[in-house]
Amino acid sequence: MRRVFGISGGGPVLAAALLLPCLHAQQKPLSTAALAQKVDHHYNTLLSLKADFVENYQGLGMSRTESGVLYLRKPGRMRWAYTQPAGKVFVLDGKFAWFYSQGDPQVQRIPAKELDDLRSPLRFLLGHTELEKEMNHLTSAPAANGEFTLSGQPKGQENRILRLTLTVTAEGAITGIEMQETDGALTRFIFSDQQPNAAIAADVFRFTPPKGIPVVDAPPPV
């Protein structure tokens, strides 16, 4: 992601609440603080999440769209299981982050505390969420379908991420993430079929390198 783990910026989210019939036109506009607090509450009360995702990356003269299933479980567990391309996986097991794509000559591993990946901003959803403390210059705006956007710059990633925008429901569930990097690259995640507090087996967050494939400790991004 810089490019460790094979995707820009080092690659988040997330959650899910049932979308109620939209009465947005009859509701008072939510302030940025109130909206951020709804997101905080939604994720701080979740224990796990399963969701489908579509990831689109544009930068370095290329465009790529991938998809799969995201699994999250507190504390600090994450798995991106890609179906397109098949065999690509990113696992955060609480101690290490692992990345492997089918056909690669090696598995990349990096200590979780050193991870600096585009998926990293999603890790705050695995702990205690406080958006107003996690992001600088936080602002909000109405979006399509009665949703809203929350935009700001993730603290500690000022040299890598120019802007992070979350698309959220009025109930606080994140349905999309857009990350604008300082080098002009743009990555978008769209989440659907979200299942809050899904029963997810512990084995989902374990990674066993394929037989015969060496593990390489990747250096922290610079």
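Looking only at segment 36-50, which residues are among the hydrophobic types (A, V, I, L, M, F, W, C) and under 9 Å from E130 (Cα atoms)?
A36, V39
Output the number of residues of segment 41-63 satisfying the condition of being surrounded by fewer than 21 Cβ atoms within 10 Å (Cβ to Cβ) and either hydrophobic (A, V, I, L, M, F, W, C) or more than 17 Å from the chain's Cα centre (by Cα) (or both).
So the answer is 9.
Kindly indicate the residue of segment 22-50 that is part of a helix (DSSP H, G or I) and modelled with pLDDT under 50 and also nearest to Y71 (Cα to Cα) among those meeting that condition.
The extreme case among them is H24.
Would you check which residues across segment 68-109 are hydroxyl-bearing (S, T, Y) and not in a strand (DSSP E or B) and list them?
Listed by number, the list holds a single entry, S101.
Residue by residue through segment 139-172, note down the ones that are over 17 Å from T32 (Cβ atoms) and hydrophobic (A, V, I, L, M, F, W, C).
Matches in segment 139-172: A144, I161, L162.
Looking at L70, L19 in this structure, which one is under 24 Å from F148 (Cβ atoms), surrounded by 15 or more Cβ atoms within 10 Å (Cβ to Cβ), modelled with pLDDT of 90 or more and hydrophobic (A, V, I, L, M, F, W, C)?
Testing whether each residue is under 24 Å from F148 (Cβ atoms), surrounded by 15 or more Cβ atoms within 10 Å (Cβ to Cβ), modelled with pLDDT of 90 or more and hydrophobic (A, V, I, L, M, F, W, C) leaves just L70.
Here's a check for you: in segment 170-186, which residue that is part of a strand (DSSP E or B) and of a type in the set (D, E, K, R) is surrounded by the fewest Cβ atoms within 10 Å (Cβ to Cβ)?
Filtering first and then ranking leaves E178.
Could you tell me which numbered condition K113 fails, if it satisfies all but one of (1) under 22 Å from R79 (Cβ atoms); (2) at pLDDT 90 or above; (3) surrounded by fewer than 17 Cβ atoms within 10 Å (Cβ to Cβ)?
It fails just one condition, (2).
Starting from segment 180-208, take each residue that is of a type in the set (D, E) and list its partners that are surrounded by fewer than 18 Cβ atoms within 10 Å (Cβ to Cβ), counting only C-beta distances under 6 angstrom and pairs at least six apart or across chains.
D193/D52
The values are calculated or read from the model by the stated rules, or taken from the named source; none is laboratory data. No experiment lies behind these values; they were computed from the predicted model shown. All Cβ positions, even for glycine, are placed from backbone atoms using ideal geometry, and neighbour counts span all protein chains on display.
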